[in-house]
Every structure is written in structure tokens, then in C-alpha cells.
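A short write-up of the structure that comes next.
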Amino acid sequence: MRRIKRALPIVGISMVLTAGSFVGASAISAQAKTASAAPAAHTSTTTTTAADAGGTRAPKTPAELLQLLGERIVAKDVDGIIALHEPEAAIVNYDGSIIRGHKDIRAFYLDWFKSDPVLKVNPLQTVMAGGKRAGDKVRNRTAAIMGKYTLEQTAPDGTRESFSGNFCDTVQEQPNGTWLYVQDNPYPPHGDAPSAHH
């Protein structure tokens with residue numbers, strides 16, 4: 001991921017990301033700005049999210065999780081990005097290696113932001129399953145967010161390079177009803193010929 005090693009997630013909602021303007025539920029885009037720049041205004045079709053104890057928005061749906069990841073990537077808010085991942089979450093790297101845990105995910109994002117990335121994510125399908133029923137609610141569900149992305153970033157030689165591909169991110173509902181990333185995978189299935197050039 002020096003090429004897409006600096007290419008995310010979908011994160012991903014993983015993945016997301018050109019200028020802070022979010023276009024409907026089917027196309028999310030945001031651009032990573034300089035660390036000192038404020039994120040651009042955005043419109044959203046999702047419901048208002050709750051606030052966690054730290055005062056930051058907490059995603060109540062997989063779509064809100066993807067949106068928040070995009071907003072925090074635009075703002076280069078690494079702490080905020082890490083807060084959207086479970087402690088043992090993972091990012092699948094272009095070479096098949098796994099970036100696992102908050103410490104390594106933080107290092108990944110810090111390095112990736114040096115490439116001035118512009119990531120556009122188009123979530124096409126979210127499948128939610130599993131969980132445990134407690135009264136009239138089901139909690140601890142898992143969801144897969146699948147879609148397509150395009151990425152433009154600065155290569156090590158200073159030129160701009162572009163990639164496109166599919167992503168499949170795994171997210172998990174927490175006991176309090178909020179959602180966190182478990183796995184950000186911009187290469188499903190890994191080794192597929194169209195994504196091998198990354």
C-alpha cells in the first residue's frame with residue numbers, strides 16, 4: 001500500500017473521500033485537505049447521530065459509520081478515525097498483508113495522508129446479519145458494506161496516480177447500538193486480476 005498501501009479503507013466507508021461534500025446515500029465523496037484546513041460543509045441523507053461521552057458523533061447505522069469515516073478523513077482527524085475502529089480492527093493491504101490494531105492503523109493513516117489522497121466511494125449494497133435479540137431489539141449485528149471506489153494520490157516520484165476498484169468492509173454493531181469498523185478491505189476478493197496492479 002505505498003501505492004494503495006496509502007490507499008485505504010473504506011476504510012474505508014470504509015473509503016470515502018473527496019472534499020467533504022457527501023452526495024446522497026449512494027455516492028460519498030470527500031477530499032483529504034491539509035491538517036489545518038477545516039472540512040467543507042456537507043449535506044447528508046442519514047439521520048442525526050448520537051454523541052458519545054467525548055462529545056463526538058457516534059454512528060447509529062453502517063451508512064453513518066461510512067459517512068463519519070469520510071468526514072474524519074477530510075479533516076485528517078486521525079484520533080477520530082481510530083475511534084471508529086474496534087481495537088483489533090484490520091485493513092487489508094494491497095499485498096495481502098494485514099494492518100491490525102489501533103497503533104498500526106494510526107501509522108497507516110499518518111503515512112497515507114502524505115500522499116494528498118482524493119478517494120471517492122460509491123457504496124452499492126449493505127448486508128446486515130447476525131446479532132442477539134434483547135427484548136424488542138437486536139444488537140451485535142454484523143454488516144458488510146460493498147461498493148466501488150476511485151482513488152487519486154501522489155506517488156513517491158511526485159506524480160499523481162489513479163486507481164479504481166471494489167471494496168467490502170465489515171462493520172460491527174456495539175452493545176450500545178453504535179457501529180465500528182472490524183475490517184476495511186479495498187481488494188475483494190484479494191488477488192483478483194483487476195486490483196492486482198495496486
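We did not get these values from a lab; they are worked out from the coordinates using the rules stated. Please read all numbers here as calculations on a predicted model, not as lab measurements. Methodologically, a virtual Cβ is constructed for each residue, glycine included, from the backbone with ideal geometry; neighbour enumeration extends over all protein chains shown.
What to note about this one:
- Compactness index (Cα Rg / 2.2 N^0.38 Å), the range 48-193: 1.07
- Shown in residue order for the range 154-168 are the 3J(HN,Hα) couplings computed by the Karplus curve 6.51 cos²θ - 1.76 cosθ + 1.60 at θ = phi - 60°: 8, 6, x, 7, x, 7, 8, 10, 10, 9, 8, x, 9, 9, 9 Hz (x for Gly and Pro).
- Rounded FRET efficiency, nearest 0.05, which uses the C-beta distance separating residue 174 from residue 111 and R0 of 22 Å: 0.20
- Summing Lys and Arg as +1 and Asp and Glu as -1 over all other residues whose Cβ lies under 12 Å from the Cβ of residue 130 gives a net charge of +3.
- The HN-Hα couplings worked out from phi for the range 57-62 by the Karplus form 6.51 cos²θ - 1.76 cosθ + 1.60 (θ = phi - 60°) are 5, 10, x, 9, 9, x Hz, whole numbers, x standing for Gly and Pro.
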